[in-house]
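Written out below as structure tokens is the structure these notes cover.
The values are calculated or read from the model by the stated rules, or taken from the named source; none is laboratory data. Because the structure is predicted, anything quoted here is derived from the model rather than measured. Quick reminder, even Gly has a Cβ in these numbers, built from the backbone with ideal geometry, and neighbours come from all protein chains shown. Areas reflect the complete protein model, heavy atoms only, side chains present, ligands, DNA and RNA absent. Shrake-Rupley method; radii C 1.70, N 1.55, O 1.52, S 1.80 Å.
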Amino acid sequence: MLDVKFIRDNKELVKERLAIRNFKELFIVDEAVELDNKRKKLQTEADNAQAKINAASKKIGQLMAKGEKEKAEIKKAEVASLKSFLQPISDELAITENSLTEAVLKLPNLPSAQVPAGRSAEDNVVVREGGSKPLLPGNAAPHWDLAKKYNLIDFELGNKITGSGFPVYINKGAKLQRSLIQYFLDYNTAAGYKEFQPPIMVNGTTAYGTGQLPDKEGQMYYVGEDKLYLIPTAEVPVTNIYRDEILKEPDLPIKMTAYTPCFRREAGSYGKDVRGLNRVHQFDKVEIVQLVHPEKSYEVLEEMVSHVEKLMHTLELPYRILKLCGGDMGFTSAQTYDFEVYSAAQQKWLEVSSVSNFESFQTNRMKIRFKDVNNKTHLLHSLNGSSLALPRIVACLLENNQTSTGIKLPKALHNYFGGEYMA
RNA sequence: GGAGAAGUGCCGGAGCGGUUGAACGGGACUGACUCGAAAUCAGUUUUACGCCUCAACAGUGUAACGGGGGUUCGAAUCCCUCCUUCUCCGCCA
């Protein structure tokens, strides 16, 4: 969440930036500042009253020690009246603090200066394209047909076992998953990311830390019996590894990677866009996360984009990188680049990675900080990106590389997969 | 799942109703000594939010001894509840 002090000191700037992401309820900014002023006033009053109570209580202790009971009784009466004076103030303080937090939580992150204005995906800016689109014959098959033809994925079986959107990978289809995961993790750890295997269920505090709660619980599967959420991305448990920590500057940057299954309820989207692997409820993804010095975060954002881009190259798939406009960015992001791969048989672009700088929006919630050389404490910046999400990569690998004799795999995977073709 | 025990600062470990933000030890940092280092001596060593101030890592107030709530003039210390850890039993990949 945004820092209240920053909002207080930069009210107009905050409104300007929020307008870029099409955020309409700008009055919340004013509301937050007013609540904060009220909070400060009430806290001063409450603190002063409490100080008097503390002093009187200490005095009572001394009087009792001396055996001056009567004087102590008089003091007790004094404290009682001070307390009844304090009570309504501290009640109101608590209410004000809650309202303030509630208000600030409604505000999304401020888009960085580089973020283009815009309402929807239409307004995203293509930064660059890479790879080349294959020339497929007119009768080229979509991946769901190829998956069936070569017996790689069984969508029907997933329906039977769980429900729609839970594909079952079989034989070489399963092995391809395993190869991709292994390859992505190796690629990330070679670049200095430390590998983690985190829990895939998290508690409410953790889900709050990265911004899934409040308000977005509908996107996650929830295990009510134990009050745990299935993670929508490894970002959630991995970023929380450093929650409530104060790091030393030489420890920076923190680079982490993790493979996890991801679960998304994605309620209400059906139809052509969700056929096959285009959109599923459970999928595999390898994530990268960094915690960095605030002055370095935009440099690191570009570095992470280029890290993912190189990986994309090795997969020999046509891709493009988009800079998201204000209206299409996630609630917690300050700047986001999306990677899309071209699905040649479906003839459309599919998102396979999203790389974002959250600045201090998440770390403020999680209180992830560092001490600078002057021993002063500041919030770190957090960033993350997919490197990569599997299903749509698999969809494109199948479609773009189909031949009359099988699916030809990119060189980078030959050793991992143990072969050049899937047939 | 059942029965016990415990959760204190960077670490170890006291305190078990009053001047304890917290003894003592270790570590770390600063200064002195030294050509330098070790040893020694002196000092420092949490965080958040207020007030004051041009500002301060200057002063001052409040809060925090696993989380939340309660008793009391006053709680790290008593009570309730939740979480976590350890030991024993049961079950189990």
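Among the chymotrypsin sites (Phe, Trp or Tyr not before Pro) within segment A:79-162, which fall in a DSSP loop and have no more than 15 other Cβ atoms within 10 Å of their own Cβ? Listed in order of number, the matching sites amount to none.
When A:Glu249, A:Glu12 are compared by accessible area at a 1.4 angstrom probe, the order from most to least is A:Glu12, A:Glu249.
Sorting A:Met64, A:Met329, A:Met1 by solvent-accessible area of protein heavy atoms yields A:Met64, A:Met1, A:Met329, largest first, with a 1.4 Å probe.
Summing Cβ point charges (Lys, Arg +1; Asp, Glu -1) relative to the Cα centre of segment A:4-105 gives a dipole of roughly 500 debye.
Calculate the dipole size of chain A relative to its Cα centre from +1 charges on Lys and Arg beta carbons and -1 charges on Asp and Glu beta carbons; express the result in debye to the nearest 20.
That gives chain A a dipole magnitude of about 560 debye.
Projecting the Cα positions of A:Leu135, A:Asn10, A:Pro198 onto the charge dipole of chain A (unit charges on Cβ atoms of Lys, Arg, Asp and Glu, taken about the Cα centre) puts A:Pro198 furthest along the positive direction.
Take every Cα pair under 8 Å whose residues are at least 6 apart in sequence, average their separation, divide by the length of segment A:4-105, and the relative contact order is 36 percent. As a length-normalised measure over Cα pairs under 8 Å and 6 or more apart, the relative contact order of chain A settles at 20 percent. Counted as membrane-span-like here are DSSP H helices of chain A whose alpha-carbon atoms extend 27 Å or more along the helix's own axis and whose Kyte-Doolittle mean is -1.0 or above; these are A:27-66, A:69-105, A:171-190. Taking amide H as placed 1.01 Å from N in the peptide plane, A:Ala389 has its amide H under 5 Å from the amide H of A:Val286, each at least 5 places away in sequence or on another chain. Bridgeable lysines around A:Lys75 (alpha carbons under 27 Å apart, same-chain partners fewer than 8 residues away excluded): A:Lys52, A:Lys58, A:Lys59, A:Lys66, A:Lys83.
Only aspartates and glutamates eight or more places from A:Lys76 in sequence, or on another chain, were considered; those with a Cα closer than 16 Å are A:Glu68. Which longest uninterrupted range of chain A lacks any trypsin sites (Lys or Arg not before Pro) assigned by DSSP to a loop state (not H, G, I, E or B) and surrounded by at most 11 other Cβ atoms within 10 Å? Result for the longest clean stretch: A:25-226.
Size descriptors for chain A, from the alpha-carbon set: Rg then Dmax equal 27.1, 102 Å. Normalised by the number of residues in segment A:271-413, the average gap of Cα pairs under 8 Å and 6 or more apart makes the relative contact order 31 percent.
Of A:Met64, A:Ala19, A:Pro167, which is farthest along the charge dipole of chain A in the positive direction, counting Lys and Arg as +1 and Asp and Glu as -1 at C-beta? Result: A:Met64, furthest along the dipole toward the positive end. Annotation note: GluC sites (Glu not before Pro) in segment A:55-96 located in DSSP loop regions with a Cβ neighbour count of at most 14 within 10 Å are A:Glu68.
Summed over qualifying helices (DSSP H, 4 residues or more, each -39500 (n - 2.57)) and divided by its residue number, chain A shows a 222 nm mean residue ellipticity of -13500 deg cm²/dmol.
Using the beta-carbon distance between A:Glu129 and A:Asn375 and R0 = 51 Å, what value does 1/(1 + (r/R0)^6) give for FRET efficiency, to the nearest 0.05? According to the calculation, E is roughly 0.60.
Per-residue accessible area for A:Asp226 at 1.4 Å probe radius, Å² rounded to 10? Rounded to the nearest 10, the figure is 90 Å².
What lysines does A:Lys15 reach when the alpha-carbon gap must be under 16 Å and sequence neighbours fewer than 8 apart in one chain are set aside? Candidates past the 8-residue exclusion: A:Lys5, A:Lys24, A:Lys106. Remark: for residue pairs A:Lys172/A:Lys408; A:Lys310/A:Lys371; A:Lys248/A:Lys367; A:Lys133/A:Lys323, the C-alpha separation exceeds 24 Å in A:Lys310/A:Lys371.
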